[in-house]
Amino acid sequence: MAMGFGSRYPHSVAFLLLAVSVLPAMVVSIGINYGQIANNLPLPENVVPLVRSIGATRVKLYDADPRVLKAFANTGVQFIVGLGNEYLAKMRVAKQAQDWVTTNVQAFLPATNITCIAIGNEVLTFNDTSLSGDLLPAMQSVHSALVTLGLDKQVTVTTAHSLAILETSYPPSAGAFRQDLADYLAQILDFHVKTGSPFLINAYPYFAYKSNPKQVPLDFVLFQPNKGVVDPGSNLRYDNMLFAQIDAVYSALASLGYKKLPVQISETGWPSKGDRDEAGATLENAKKYNGNLMRLIAQKNGTPMRPNSELNIYVFALFNENMKPGPTSERNFGLFKPDGTPAYQLGLAGIQTIGNTSTGLSSGSSRSSGSPPASSSTGYVSISYATERYSSVGLALLFPTALLLLPLLL
């Protein structure tokens, strides 16, 4: 995040601690996105018990905030650190890339368990040819820096994509990438195979529902009991939209010869509050979506197409972020309020509130030393901005699964 604020002040924050009876599978499965576009968040050291309280063992950052990385030292929590879109051109330069890795990754190893670097966010769907052209060279340069420093065996390099890279997503078995992105994606996929890094995708059934609440069944997007739909190509039944979206990505990868490439859902979530025109953005729906999602993750089952592949999902997000632009929903995706109390009760076994802890608040995200700064914002400001950004290509491209499922759902 580019916004930086230096103030810290005492505040009484209610923190959650993990009880003995936490769901066992959850301890090894849940990932969480830790965004910091806010001026009222807890200090990073006080975020550690919050992460543990939901059973998360993986955290994804949108920068490489040194305060966060220091706070999580010796916790075993795995980290994906981020490098913003605005730094891609600079990262093409070998020295710039090595300086960044040295300052923002190597300096925190091995105490902090950094396992991956995400280069940019949803770059290919910004419709910026210059930015898209910088993506792979930046990934290659950062990976080369890791090789030079002897870190490539423990830290991989990847990038997160929007679901809008798909041209076809229904039926899931016919999933296909956009033709105009084919050249970019082919080279990036080759990079993943050669370096052993995962393919990241951001998927939000919420936006599908918001765009057409009268036709998209709410139960289907909230993992609630419903009749589901059958993929006519594979004869597989889907009872939730997220799994259909994930399998469409698997199909798109397989169609290009990358059937075995690991896929992780780098963002998914549901807002607990929204404006009057933001259908479905309610506390109850957020509770159902994230609670049901976490239960599915805990079961260690895969999607209909990949039933034996454990889900690797990062929930968005850890906190409500009060300085994010856009509609009200943008500031209300968090599982926690800034004071450390739950935004709503997920109903997960083993979580309880115990006492208050006197601590400080961290305002915004600080920059680390080195060039370029660790903090970054481009690509992570407003989730809903993506909706507006792709409106010219039609909702069928941004939310193809939602729109094309309608005939079978009605």
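The values are calculated or read from the model by the stated rules, or taken from the named source; none is laboratory data. Everything quoted here is computed from the prediction, not taken from an experiment. Every residue, glycine among them, receives a Cβ derived from its backbone with ideal geometry; neighbour counts consider all protein chains shown.
Key figures
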| read-out | value |
| --- | --- |
| Positions within region 211-238 being surrounded by 13 or more Cβ atoms within 10 Å (Cβ to Cβ), out of contact with any Ser or Thr (no Cβ under 7 Å at 6 or more places or on another chain), part of a loop (DSSP other than H, G, I, E, B) and in contact (Cβ under 8 Å) with a residue 24 or more places away in the chain, in sequence order | Asn212, Pro213, Gln215, Val216, Pro217, Leu222, Phe223, Gln224, Leu236 |
| Where Ser251 falls short, out of the listed (1) closer than 28 Å to Asn332 by Cα; (2) surrounded by 21 or more Cβ atoms within 10 Å (Cβ to Cβ); (3) in contact with a helix residue (DSSP H, G or I) (Cβ under 9 Å, 6 or more places away or on another chain) | (1) |
| When residues of region 51-92 are limited to those that are among the polar types (S, T, N, Q) and part of a loop (DSSP other than H, G, I, E, B), the one nearest to Phe108 (Cα to Cα) | Asn74 |
| Residue list for region 281-322, restricted to those being polar (S, T, N, Q), part of a loop (DSSP other than H, G, I, E, B), at pLDDT 95 or above and under 15 Å from Phe243 (Cα atoms) | Thr303 |
| Matching residues, region 247-264, being of a type outside the set (Phe, Trp, Tyr) and in contact (Cβ under 8 Å) with a residue 60 or more places away in the chain | Asp247, Ala248, Val249, Ser251, Ala252, Leu253, Ser255, Leu256, Leu261, Pro262, Val263, Gln264 |
